[in-house]
2 protein chains.
Amino acid sequence: MRCNFMELVVAASMLAGVIVRATDPLPSWNDGAAKQSIIGFVERVTKDGSPDFVPVPERIAVFDNDGTLWTEQPMYFQLAFVLDRVKALVPWNVEWKDKEPFKAILAGDFKSALSGGEQAIAELLAATHAKITTEEFEKVVREWSSTAKHPRFNRLYTECVYQPMLELLAYLRANGFKTYIVSGGGIDFMRPWTERVYGIPPEQVIGSSGKTKFEMRGGKPVLVKMPSIGSVDDKEGKPVNIHLHIGRRPVMAFGNSDGDLQMLQWTAAGAGPRFCMIVHHTDAEREWAYDRESVIGRLDNALDEAKMRGWSIVDMKADWRVIYPFQK
Amino acid sequence: MRCNFMELVVAASMLAGVIVRATDPLPSWNDGAAKQSIIGFVERVTKDGSPDFVPVPERIAVFDNDGTLWTEQPMYFQLAFVLDRVKALVPWNVEWKDKEPFKAILAGDFKSALSGGEQAIAELLAATHAKITTEEFEKVVREWSSTAKHPRFNRLYTECVYQPMLELLAYLRANGFKTYIVSGGGIDFMRPWTERVYGIPPEQVIGSSGKTKFEMRGGKPVLVKMPSIGSVDDKEGKPVNIHLHIGRRPVMAFGNSDGDLQMLQWTAAGAGPRFCMIVHHTDAEREWAYDRESVIGRLDNALDEAKMRGWSIVDMKADWRVIYPFQK
């Protein structure tokens, strides 16, 4: 058989297509509605000439972090960081031994420590997240994130990330999406490790933040972290910060709790194709099972709205073949 | 002559090198210290194996806007927008005809209008930049930016951008840099046109901002622009917002006034190679000549510091062959 050049090109493209399709981009996802909804949507919006085609610059995907990209039980990992910081700083703050909420924390009594409500949390944040420069804080987080371990799995916290979501992030990026984190967690707490762990660079991380102050110290400019809240990136704060940081509406949004509802609503309300997904924690054996009654990661209104609006819902137990990378 | 395959490859690469070098990436820049400093720096940090090599993800370049990427005389273009908005909104706010600062503006007396200081400016911003949704505001800016004309050149404001800087932006992006705007101008005022005009997408625009509020209106979520300041992206505010939005220190920074000094200091203080440049307005004939005594775009301390630290200084009259794209 003799082929002309164009026939060869077409044949080669078809072969390439077969090869690409034969490689499952989401191997840790079981076949089912959740996986199909993702792949179906991505194929629809990336196909040239499709009525739902979305140009590459508009392909923005936003992800909550706690409970969506990594585990948030038995407590938000940033809280574990706060507790470790308090312990580490006691030698320089001996008065904490007799002062709440520090005293309770040092006794391992987290519940009492946090019973002081907002005031207690503000004091803890000021003590552990402020009065140092952004560079010093980054160093502290880098050190912590490469040593601190999860109590149940005895693995680094940064290893307790969801393998199926790592695959999803890579799959979306391979299809021209910019992947963002939009988390209630601290922006300066996440950035030192998100690039290494998720492939998400600092400039695509949005989170809660304290104010910072520009100062000259010994002729050298520094940014000092202040003990005052800049932005709480939760609930209504998420679309507000998406607008501030990204300036365009996401095409895809992923969350797992009521704190993500407004981000999903904001995403879904855009013109053209939009995709919203809720990760539902249903696997008490391999991870945790919780939703409407949980203090951490409560999923109630957002679950109702997801069902009402037909958003995708991940049933973690049924949909995820593997939870963590170390279980592969 | 017979060549083996490797010789052919080497010959082809050398030829390609000649072709690339023969095409001047900055044709609107006259040969001189400013142009040489840019090209020398970029070649140094992008050359694999060079001791000054900067990995692609770290290649962040930040640009002031007013007076650095586009003209800021005879008044900041956003002020022209404010004045046009006041005129357009008078039919719905007839009381403005007798109320300062609106009355003065309607009489064309900008100086009196702004003599009320911060209070007057806050009132003008609230009246023209707030109480509408972000989507409505975007539409207003889009309309204005495609119709409003500069009084001196009778060209769209968005045409009064600097041709040499457009070439510089493209040159840096071709060398793996992410280009950002970090401007005292309003973030929502710039984003509707920066991608079209500069090739800078909304998520790479940082500016002053008002607060926004998430609301449900008729079952649809909207973000409403509030009449309160969120962030003033000038002076110390620039490094603060660079940290908040980008989360890493720029490698290159470009400004033209004292409002950019802290951004340049912050950039210069990073470890490894850094590049800072000041655009000095020296061309009264083709643009404007101003520096130490100017109300708009005052360049005094930053000029001294640039000279002291050996930062690059663009002498607009000598260094730029062309000012605007329409003069090419």
Quiz item: Under a 5 Å amide H to amide H cut-off, with H placed in plane at 1.01 Å, what residues pair with residue A:67 once short-range neighbours are removed?
Solution: A:72
Practice problem: Please report, to one decimal in angstroms, the Kirkwood hydrodynamic radius of segment A:73-227 built from all distinct Cα-Cα pairs. | Solution: 17.1
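Summing both sides, how much accessible area is buried between A and B? Use a 1.4 Å probe and give Å² to the nearest 100. Display every interim value, and only then the final one.
Working: alone 16520 and 16510 Å², together 29940 Å².
About 3100 Å² of accessible surface is lost on pairing.
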Quiz item: Which residue is it, in chain A, that holds its beta carbon closest to the axis of the A-onto-B rotation, and how many whole angstrom away?
Solution: A:245, 3
Quiz prompt | segment A:93-168: chymotrypsin sites (Phe, Trp or Tyr not before Pro) falling in loop per DSSP and having at most 16 other Cβ within 10 Å | solution = A:153
Quiz prompt | For segment B:143-247: rounded, prolate or oblate by the Cα gyration tensor [a/c cutoff 1.5] | solution = oblate
Practice problem: Starting from the amide H of residue B:281, placed 1.01 Å from N in the peptide plane, find each other amide H under 5 Å away whose residue is 5 or more places distant or on another chain. | Solution: B:290
Quiz item: How large is the helix-only mean residue ellipticity at 222 nm for chain B, computed as the sum of -39500 (n - 2.57) over DSSP H runs with n ≥ 4, divided by its residue count, in deg cm²/dmol to the nearest 500?
Solution: -12000 deg cm²/dmol
Quiz item: Within 10 Å of each Cβ of A:50-61, how many other protein chain Cβ atoms are there on average?
Solution: 1
Self-check item: Nearest-ten-degree value, helix A:163-174 long axis tilted from longest Cα axis of chain A
Solution: 60
Exercise. Mind checking A:243-254 for the average number of partner chain beta-carbons within 10 Å of each residue's beta-carbon?
Key: 5
Quiz item: Got the relative contact order for segment B:166-263 handy, in percent, Cα pairs under 8 Å and 6 or more residues apart?
Solution: 21
Practice problem: Any chance you could give the angle, 0 to 90 degrees and rounded to 10, that helix A:187-198 forms with the longest Cα principal axis of chain A? | Solution: 40
Quiz item: Projected onto the charge dipole of segment B:25-124 (+1 at Lys/Arg Cβ, -1 at Asp/Glu Cβ, origin at the Cα centre), which of B:45, B:56, B:86 gives the Cα projection farthest towards the positive end?
Solution: B:86
Practice problem: Could you list the square roots of 5 times each eigenvalue of the Cα gyration tensor of chain B, that is, the equivalent ellipsoid semi-axes, sorted largest first and rounded to whole Å? | Solution: 40, 22, 20
Quiz item: Taking the C-alpha atoms of segment A:110-163, how large are the radius of gyration and the largest Cα-Cα span, Dmax, in Å?
Solution: 14.1, 37
Quiz item: Got a sec to turn the phi values of segment B:283-299 into Karplus ³J(HN,Hα) couplings, 6.51 cos²θ - 1.76 cosθ + 1.60 with θ = phi - 60°, whole Hz, x for Gly and Pro?
Solution: 10, 5, 7, 8, 9, 9, 10, 6, 7, 5, 9, 6, 6, 8, x, 4, 10
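Based on the Cβ-Cβ distance of residue B:326 and residue B:24, what FRET efficiency does E = 1/(1 + (r/R0)^6) give at R0 = 25 Å, to the nearest 0.05?
Values: r = 21 Å, r/R0 = 0.82.
Efficiency computed from Cβ-Cβ geometry: 0.75.
Report, in debye and to the nearest 20, how large the dipole of segment A:217-328 comes out about its Cα centre when Lys and Arg carry +1 and Asp and Glu carry -1 on their Cβ. Walk me through the intermediate numbers first.
Numbers: 16 positive and 15 negative charges, 149 e Å.
The dipole of segment A:217-328 has a size of about 720 debye.
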Exercise. Provide the gained length on full extension for the span residue B:142 to residue B:159, in nm with one decimal, where the gain is 0.36 nm per separating residue minus the Cα-Cα distance.
Key: 4.7 nm
Self-check item: Set of aspartates and glutamates with alpha-carbon distance to residue B:328 below 20 Å, sequence-local pairs under 8 removed
Solution: B:24, B:31, B:159, B:167, B:283, B:285, B:287, B:315, B:319
Quiz prompt | Largest-first ordering by accessible area, 1.4 Å probe, given options A:286, A:85 | solution = A:286, A:85
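Roughly how many debye, to the nearest 20, is the charge dipole of the protein assembly as shown about its Cα centre, given +1 on each Lys and Arg Cβ, -1 on each Asp and Glu Cβ, and no other charges? List each step's numbers first, then the result.
Details: 80 positive and 84 negative charges, 146 e Å.
Roughly 700 debye for the protein assembly as shown.
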Self-check item: For residue B:155, distant residues with modelled amide H under 5 Å away
Solution: B:150
Self-check item: Per-copy distances of the residue B:170 label point, shortest first, in nm (7 angstrom along Cα→Cβ)
Solution: 3.7
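What whole-number value in Å² describes the accessible area per residue of segment A:189-324 for a 1.4 Å probe?
Numbers: 4960 Å² over 136 residues.
Roughly 36 Å² per residue, with all protein chains present.
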Quiz prompt | For segment A:26-65, the Rg and Dmax computed from alpha carbons only, in angstrom | solution = 12.0, 34
Self-check item: Rg/Rh ratio calculated on Cα atoms of segment B:59-129 (Kirkwood radius)
Solution: 1.08
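Using only the alpha carbon atoms of segment A:193-256, find the Kirkwood hydrodynamic radius as the inverse mean reciprocal pair distance, in angstroms to one decimal. Walk me through the numbers before you get to the answer.
Working: mean 1/r = 0.0711 Å⁻¹.
After inverting the pairwise mean of 1/r, the radius is 14.1 Å.
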Self-check item: For segment B:229-294, projected area of the alpha-carbon convex hull averaged over all directions, nm²
Solution: 5.7
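Under unit Cβ charges (Lys, Arg +1; Asp, Glu -1), what dipole magnitude, rounded to 20 debye, does segment A:72-176 have relative to its Cα centre?
Working: 13 positive and 14 negative charges, 50 e Å.
Around 240 debye, computed over segment A:72-176.
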Quiz item: Roughly how tilted is helix A:134-145, in degrees to the nearest 10 and between 0 and 90, from the longest Cα axis of chain A?
Solution: 70
Practice problem: At q = 0.05 Å⁻¹, what is the base-10 log of I(q)/I(0) for the protein assembly as shown according to the Debye formula with one equal point scatterer per Cα and no solvent? Please give it to two decimals. | Solution: -0.27
Self-check item: Charge sum, other residues only, whose C-beta stays under 10 Å from residue B:180's C-beta, Lys/Arg counted +1 and Asp/Glu -1
Solution: -1
Quiz item: Which of A:301, A:243, A:154 sits closest to the plus end of the dipole of the protein assembly as shown, meaning its Cα is farthest towards the positive end, when Lys and Arg get +1 and Asp and Glu get -1 on the C-beta?
Solution: A:154
Quiz item: For segment B:208-328, what log10 I(q)/I(0) values come out of the Debye formula at q = 0.10, 0.11, 0.17, 0.22 1/Å, with one point per alpha carbon and no solvent?
Solution: -0.44, -0.52, -0.93, -1.20
Practice problem: Quickly work out the residue A:122-to-residue B:84 label distance, labels modelled 7 Å from Cα along the C-beta direction, and quote it in nm with one decimal. | Solution: 4.4
Quiz item: Reachable lysines from residue B:99, Cα under 17 Å, same-chain residues fewer than 8 places away excluded?
Solution: B:87, B:111
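The values are calculated or read from the model by the stated rules, or taken from the named source; none is laboratory data. As the structure is a prediction and not an experimental result, all values here were calculated from the model. In this analysis, Cβ positions are derived from the backbone assuming ideal geometry, glycine residues included, and neighbour counts consider all displayed protein chains. The accessibility values were calculated without ligands, DNA or RNA, using every heavy atom of the protein model including side chains. Shrake-Rupley method; radii C 1.70, N 1.55, O 1.52, S 1.80 Å.
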